[in-house]
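A.B. asks: Quick one: this structure, given as structure tokens, is what I'll be asking you about.
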Amino acid sequence: DVKVTQSSRYLVKRTGEKVFLECVQDMDHENMFWYRQDPGLGLRLIYFSYDVKMKEKGDIPEGYSVSREKKERFSLILESASTNQTSMYLCASSLPGQGRNEQFFGPGTRLTVL
Amino acid sequence: QQQVKQSPQSLIVQKGGISIINCAYENTAFDYFPWYQQFPGKGPALLIAIRPDVSEKKEGRFTISFNKSAKQFSLHIMDSQPGDSATYFCAARKRVFSGGYNKLIFGAGTRLAVHP
């Protein structure tokens, strides 16, 4: 079974804090993604990575950065957390190629910024 | 601007009924249309998917109908059960570059409640 794990299920941080969200996948997938999920907005892509040390901006990268030092691990960093970054954060991974399209998601981290 | 528009936002269906969720898109470059199902406290999981050269795909009680000319696709859940209560997301795939990466654009989601 593909497993994508996220370091925390719930996180409460204060405005201005630096926040690290960690994601680990155990299926040797090349592609990894970070989304945020907000009611009425669906899933919006923040960043993705198609290889170690490679990253591309998604649709809403402002206020976020990412790090991928190892193939199995993809970190999302909030440099200076703000209240509008209160959200559910989902990590996903997938194989590359046109025929292997399924993205496997972690359970999510619900982040509250006070 | 939402590239994939999903409706309704929420849906209540009686057990045994048919649940229908609709999605529409504008970008003709989309080439793959999956549906994801998300239960409370879990991440989304792939439910069923269709390519635009097919008008219908059925897997058990779940069917995708695809209308390429109208740029619309829908999920039908036959004989809906309380265990189907979840949030459903339609999505469309856009190739970012030739090679490995495929970007999914998600709809806003539909919260389905199936009452016994």
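No value in this document is a laboratory result; all are computed from the given coordinates. Predicted model, so just to flag it, every value in this text is computed and none were measured. Using ideal geometry, Cβ is built from the backbone for each residue, glycine included, and neighbour counts are taken over all protein chains shown.
A.B. asks: Report those strands (runs of 3 or more DSSP E) wholly inside the range B:1-99 carrying at least 2 residues which are at negative phi, within 13 Å of chain A (Cβ to nearest Cβ) and of a type in the set (Lys, Arg).
C.D. replies: Values: elements: B:4-7, B:10-14, B:19-25, B:33-38, B:45-50, B:56-59, B:62-67, B:72-77, B:86-95.
Result: B:86-95.
A.B. asks: Further question: Looking at A:Asp28, is it away from every other protein chain (no Cβ under 12 Å) and of a type in the set (Asp, Glu)? Before you say what the answer is, go through the steps one by one.
C.D. replies: Details: away from every other protein chain (no Cβ under 12 Å): yes; of a type in the set (Asp, Glu): yes.
Yes; evaluated as a whole, the condition is true for this residue.
A.B. asks: Then there is this: Among (1) in contact (Cβ under 8 Å) with a residue 12 or more places away in the chain; (2) closer than 26 Å to A:Tyr89 by Cβ; (3) not in a loop (DSSP other than H, G, I, E, B), there is one condition B:Lys103 misses while meeting the rest; what is its number?
C.D. replies: (1)
A.B. asks: Further question on the same structure: Collect the residues in the range A:66-99 that are surrounded by fewer than 14 Cβ atoms within 10 Å (Cβ to Cβ) and without any contact (Cβ under 8 Å) to a residue 40 or more places away in the chain, keeping them in residue-number order.
C.D. replies: Scanning the range A:66-99 gives A:Glu69, A:Lys70, A:Asn84, A:Gly97, A:Gln98, A:Gly99.
A.B. asks: Do the conditions hold for A:Val52, that is, is it within 14 Å of another protein chain (Cβ to nearest Cβ) and either at negative phi or within 12 Å of the chain's Cα centre (by Cα) (or both)?
C.D. replies: Values: within 14 Å of another protein chain (Cβ to nearest Cβ): yes; either at negative phi or within 12 Å of the chain's Cα centre (by Cα) (or both): yes.
Criteria met by A:Val52.
A.B. asks: Now for a different question. When residues of the range A:51-61 are filtered for being assigned to a strand (DSSP E or B) and either touching a Cys at 6+ places or on another chain (Cβ under 9 Å) or closer than 15 Å to A:Tyr35 by Cα (or both), how many remain? Lay out the reasoning, then the answer.
C.D. replies: We begin by selecting, within the range A:51-61, every residue assigned to a strand (DSSP E or B); these are A:51, A:54-57.
Checking the rest, the ones that are also either touching a Cys at 6+ places or on another chain (Cβ under 9 Å) or closer than 15 Å to A:Tyr35 by Cα (or both) come to A:55-57.
Total satisfying the criteria: 3.
A.B. asks: Conditions: (1) within 29 Å of A:Tyr89 (Cα to Cα); (2) crowded, with 18+ Cβ neighbours inside 10 Å. B:Phe66 meets all but one. Number of the miss?
C.D. replies: Condition (1) is where B:Phe66 drops out.
A.B. asks: Yes or no: B:Gln37 crowded, with 16+ Cβ neighbours inside 10 Å and either in contact with a Gly (Cβ under 9 Å, 6 or more places away or on another chain) or of a type in the set (Phe, Trp, Tyr) (or both)? Spell out the reasoning first.
C.D. replies: Working: crowded, with 16+ Cβ neighbours inside 10 Å: yes; either in contact with a Gly (Cβ under 9 Å, 6 or more places away or on another chain) or of a type in the set (Phe, Trp, Tyr) (or both): no.
No: the conditions fail for B:Gln37.
A.B. asks: Do you know which residues across the range A:1-24 are over 14 Å from A:Ser80 (Cα atoms) and surrounded by fewer than 12 Cβ atoms within 10 Å (Cβ to Cβ)?
C.D. replies: So in the range A:1-24, the residues over 14 Å from A:Ser80 (Cα atoms) come out as A:1-11, A:22-24.
Correct list: A:Asp1, A:Lys3, A:Arg9, A:Tyr10.
A.B. asks: Given the conditions (1) part of a strand (DSSP E or B); (2) surrounded by fewer than 16 Cβ atoms within 10 Å (Cβ to Cβ), which single one is not true for A:Met32?
C.D. replies: Every condition holds for A:Met32 apart from (2).
A.B. asks: Which residues, counting only those in the range A:62-106, are within 14 Å of chain B (Cβ to nearest Cβ), over 11 Å from the mean Cα position of the chain (by Cα) and part of a loop (DSSP other than H, G, I, E, B)?
C.D. replies: A:Lys71, A:Leu95, A:Pro96, A:Gly97, A:Gln98, A:Gly99, A:Arg100, A:Asn101, A:Glu102, A:Gln103 - these are the residues of the range A:62-106 that are within 14 Å of chain B (Cβ to nearest Cβ), over 11 Å from the mean Cα position of the chain (by Cα) and part of a loop (DSSP other than H, G, I, E, B).
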